[in-house]
Every structure is written in structure tokens, then in C-alpha cells.
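Notes follow once the structure below has been shown.
Every read-out reported here was derived from the displayed coordinates using simple, explicitly stated rules and does not represent laboratory data. These numbers come from a predicted model, not from an experiment. Glycine also receives a Cβ, built like all others from the backbone with ideal geometry; neighbour counts cover every protein chain displayed.
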Amino acid sequence: MGRRAWPKEIRLIDQTRGVVIAERVRVARSVAQRFLGLMGRSGLQPGEGLLLDPCSSIHTFFMRCPIDVLYVGPDHIVRRVDHAMRPWRIGPLFTGAAYVVELAPGTARRTGVAVGDRLCCQPATAANRPESGS
């Protein structure tokens, strides 16, 4: 499987349900970006997320809040959804996943994203980004 071309920040859409999952999803591609992930952050705001590519398993060590986790296959189909994974946990090794999306807790239930849904990614627009200095 070749590397997918991602912009630095995307808007994540559940194409199956026609809903926006998150307006601002930062993409982590390097080993260092993926390792650090959300460690040390106080949490994700609604509409924010982190996409880890490549990735088939995550941990929540050194995190301060729970997260929703989407395990997504190379065809952009959701393979698994974990709701409100608590800090200091290790997620399963999910060999069918090509990338993982970490979201604010409650996002998966609020948007209805489910196993089998197809995701679509668009570049995040300036209107979707927080003001500079925030």
C-alpha cells in the first residue's frame, strides 16, 4: 500500500451519512508526530481531531482526557469505533486499519459514524481553523 497524500489539516466527513465528523483534523505522518500524538494536551475541542497515518494501534499514555477512536482501512472504510477511550490504555492492534482518527469524546455518537461507513477527507479551509493566537 502506497502512502496517501494528506494536507497538514483536513475536514473529515462521513460520506455514507453525509455529516461532518470534524472540521479541523491535524494529520500526523512522521514517526515523532505519531508518537507524540495528543500526549500532554488537555483535550480536544468539539470539531477537532488527529489523524495518524500509518497506524493500526494507539495508546493513551500521558493523555489527560478520553478520546473517540476510528480505525480506518486503506479504502477509507471505518473498521472499528472505540467510544471514549480513557487515558492510560492501549488500544487493540487492528491489522485491517491503515490509519486512525482520534476525536473529542462523544463525537462518534453525536455524528453517528459507524463500522462500514466511508470517510472522505477535504483540506481544512481557513474558515474552519481557530483564530491565530488561540
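By the compact-protein rule of thumb, 2.2 N^0.38 Å, the alpha-carbon radius of gyration of region 9-126 corresponds to a ratio of 0.94.
How high is the relative contact order of region 9-126, in percent, counting Cα pairs under 8 Å that sit 6 or more residues apart? Show your work: numbers first, answer last.
Working: 300 pairs, mean separation 38.6, N = 118.
Value for region 9-126: 33 percent.
Roughly how big is region 9-126's charge dipole about its Cα centre, with Cβ charges of +1 (Lys, Arg) and -1 (Asp, Glu), in debye to the nearest 20?
220
Ranked by Cβ crowding within 10 angstrom, fewest neighbours first, how are M63, M85 ordered? Walk me through the intermediate numbers first.
Values: M63 23, M85 18.
Lowest to highest Cβ neighbour count: M85, M63.
Excluding R86 itself, calculate the net charge of residues whose Cβ lies under 12 Å from the Cβ of R86, where each Lys or Arg counts +1 and each Asp or Glu counts -1. Before the final figure, lay out the partial values.
Values: positive: R64, R89; negative: D68, D82.
Summing Lys/Arg as +1 and Asp/Glu as -1 gives 0.
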